[in-house]
Structure formats: structure tokens, C-alpha cells
1. Would you mention how many residues in the range 53-81 are open to solvent by 80 Å² or more (accessible area, probe 1.4 Å) and either in contact with a His (Cβ under 8 Å, 6 or more places away or on another chain) or of a type outside the set (A, V, I, L, M, F, W, C) (or both)?
2. Quick one: in the range 7-32, which of the residues that are among the polar types (S, T, N, Q) and at pLDDT below 75 is farthest from Glu65 (Cα to Cα)?
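The values are calculated or read from the model by the stated rules, or taken from the named source; none is laboratory data. All figures in this text were calculated on a predicted structure; none of them were measured in a lab. Backbone-built Cβ (ideal geometry, glycine too); neighbour counts: all protein chains shown. Areas reflect the complete protein model, heavy atoms only, side chains present, ligands, DNA and RNA absent. Shrake-Rupley method; radii C 1.70, N 1.55, O 1.52, S 1.80 Å.
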Amino acid sequence: VGEEVLNLSLMKMETAVSSPVAGVVHRVVVQANYKVDRKMVPVKKGQLLIELSAPRSRCAKCEAELEEGFKFCPQCGAETD
């Protein structure tokens, strides 16, 4: 299964954190658009910023993402496991 990379920058104390995660973004809890608002959104310790879902499975033959319940790959037609 492929690994998604999510870049999450925390600006407190000018520290950026980048960490690979195995999952996909399910929903974004805290949103900000600095270009529009021109203000930083304060982040509290332990605050949930995003919610992740399990990673999507991939075709063993062509690595295309597979939705849950697919019996055949929509990209190459290979049978899924």
C-alpha cells in the first residue's frame, strides 16, 4: 500500500513539522486561509487539526487506488485480492 505524505506546518515558535503518514485526509477540522484573512489561527496543545482515514488499497499490478469493494481494478482490469 502506498504512503501518503501530509505536510502540516505549525508556526508556533517557528517550527515546521513534516511527517509521512499512512492514511488519507477524511476531514479538515481547523481551516485557515492566510491570503484572505491575513491572520494566523492559534493552535492549542492537543487540538485536532485533521482527521485521517485508513489508506486506500492499491492494485498489485498497476498501483492505481481502489475504492472499497472493487473486484477489478478500474485502471488495468486486474482482479483485486
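1. Total meeting the criteria: 10.
2. It comes out as Thr15.
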